[in-house]
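The numbers here are math on the coordinates, done by the rules we state, and not lab data. None of these values were measured; they are calculated from a predicted model. Glycine also receives a Cβ, built like all others from the backbone with ideal geometry; neighbour counts cover every protein chain displayed.
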Amino acid sequence: MAGFASVATMSPSGIANADFAGLGSYSELMLVINARTCAIAQTCLVQASIDGGSSWLTASGDYKLLGTTGAHPLTDRTQIALTNVAGSPLSSVLWFPWWNLVGKWKQAFIISGNEGLTQFMVANNAALNALRVFNGASANFTGGTIYILGKP
Amino acid sequence: MPNPWVLIDSWTFSVNITERDFLNLGAYSELNALLRNITTANSGLLQAQVSINNGSSWLTASGDYKEVSGNDGSQANLAAASLHITAATTARGGHVWFPNWNMPTVPKVASRRNLNTTLGALLIPQANGLNALRINNSAGGNLTAGQIFVWGRL
């Protein structure tokens with residue numbers, strides 16, 4: 001079976017949400033953001049869906065942050081923040097090594113993180129099948145490119 | 001099942017060399033390189049550089065590699081993917097993973113997997129797939145001991 005394939009490319013502008021649906025067949029997913037800009041510098045955020053993007057996982061605790069100390073309980077989050085602070089342009093790489101695995105929480109590694117790997121969990125046992133990329137303060141995208149890579 | 005990782009090539013020191021080139025890698029969708037106990041004649045950083053023409057030339061210009069800040073997502077121009085952060089002549093190692101090594105159009109990701117405070121991912125903004133890897137020292141001069149392993153996945 002082949003490695004990562006290019007699944008989708010988007011250069012969003014004038015919209016607040018970059019939504020990617022139809023991702024349920026991929027076992028691994030990688031999000032590559034290259035020089036995304038928005039009207040006011042903001043961090044870039046990610047949420048996932050288990051129903052193809054009809055709704056999104058947005059509740060506190062849908063995402064768990066595993067800090068570098070490994071301390072429990074894990075920190076509840078409503079989303080995955082890709083950077084520590086606001087930025088524009090902003091780039092990042094986020095990897096879901098078992099994106100559509102049923103019965104387990106999904107890991108999400110920010111492999112561009114300053115700690116080498118910054119790990120989140122998507123606290124849901126259902127397979128993930130859609131991804132939303134958006135900005136803090138609901139700021140619109142003004143430029144940059146978002147790539148979705150997937151492995152069957 | 002995904003294709004398995006295979007050891008493509010390796011280098012174990014026998015004589016001094018200024019760089020070790022790994023060619024004919026264009027068939028691999030993913031690549032991993034591991035450096036172990038490499039000593040150098042000059043105090044520098046062990047680094048990786050890549051090629052899109054199988055080593056006829058190498059990507060060596062500032063901006064051929066974009067270091068992504070995990071803090072604010074900004075990009076910094078680099079001329080290589082450095083694999084550790086403190087210059088030395090004494091034994092150093094490193095690890096870099098290219099998850100979309102030969103993918104056309106999309107920027108290539110180079111994920112440095114040393115767990116420390118500054119090394120994260122780089123983007124290599126090339127429309128072509130990559131097909132050769134060079135390991136050398138940022139300060140020039142010889143590699144004087146050590147090992148390099150390169151694994152790939154079709």
- Query: With the Cα gyration tensor of the protein assembly as shown giving a ≥ b ≥ c as the square roots of its eigenvalues, does the rule (a/c under 1.5 for rounded; else a/b larger than b/c for prolate; else oblate) give rounded, prolate or oblate?
  - Reply: prolate
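To the nearest 20 debye, what is the magnitude of the charge dipole of the protein assembly as shown about its Cα centre, counting +1 on the Cβ of each Lys and Arg and -1 on the Cβ of each Asp and Glu?
260 debye
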- Message: Distance between the C-alpha centers of segment A:59-76 and segment B:127-154? Whole Å please.
- Response: 37 Å
- For chain B, set up a Gaussian network in which alpha carbons nearer than 10 Å are linked by springs, and say which option among B:89, B:12, B:144 fluctuates the most. B:12
- Sorting A:28, B:19, B:30 on the 10 Å Cβ count, fewest up front, what's the list? B:19, A:28, B:30
- Query: Of A:99, B:107, B:44, which is farthest along the charge dipole of the protein assembly as shown in the positive direction, counting Lys and Arg as +1 and Asp and Glu as -1 at C-beta?
  - Reply: B:44
- Query: Can you give the mean number of other chain Cβ atoms that lie within 10 Å of the Cβ atoms in peptide B:96-108?
  - Reply: 4
- May I have the count of lysine pairs in the protein assembly as shown with C-alpha atoms under 19 Å apart, counting pairs 8 or more residues apart or located on different chains? 6
- Message: So if each residue of separation counts as 0.36 nm, and I subtract the Cα-Cα distance between residue B:88 and residue B:149, what length gain in nm does that give?
- Response: 19.9 nm
- Query: Between residue B:61 and residue B:18, what is the spin-label point distance in nm, taking each point 7 Å from the Cα along the Cα→C-beta axis?
  - Reply: 2.2 nm
- Item | Cα-based Rg and Dmax for segment A:82-152, where Dmax is the largest Cα-Cα distance (Å) | 13.4, 38
- Query: Using unit Cβ charges (K, R positive; D, E negative) and no other charged atoms, how large, in debye to the nearest 20, is the dipole of segment B:6-153 about its Cα centre?
  - Reply: 200 debye
- Take the alpha carbon atoms of segment B:1-80, find their center, do the same for segment A:84-148, and report the distance between the two centers in whole angstrom. 26 Å
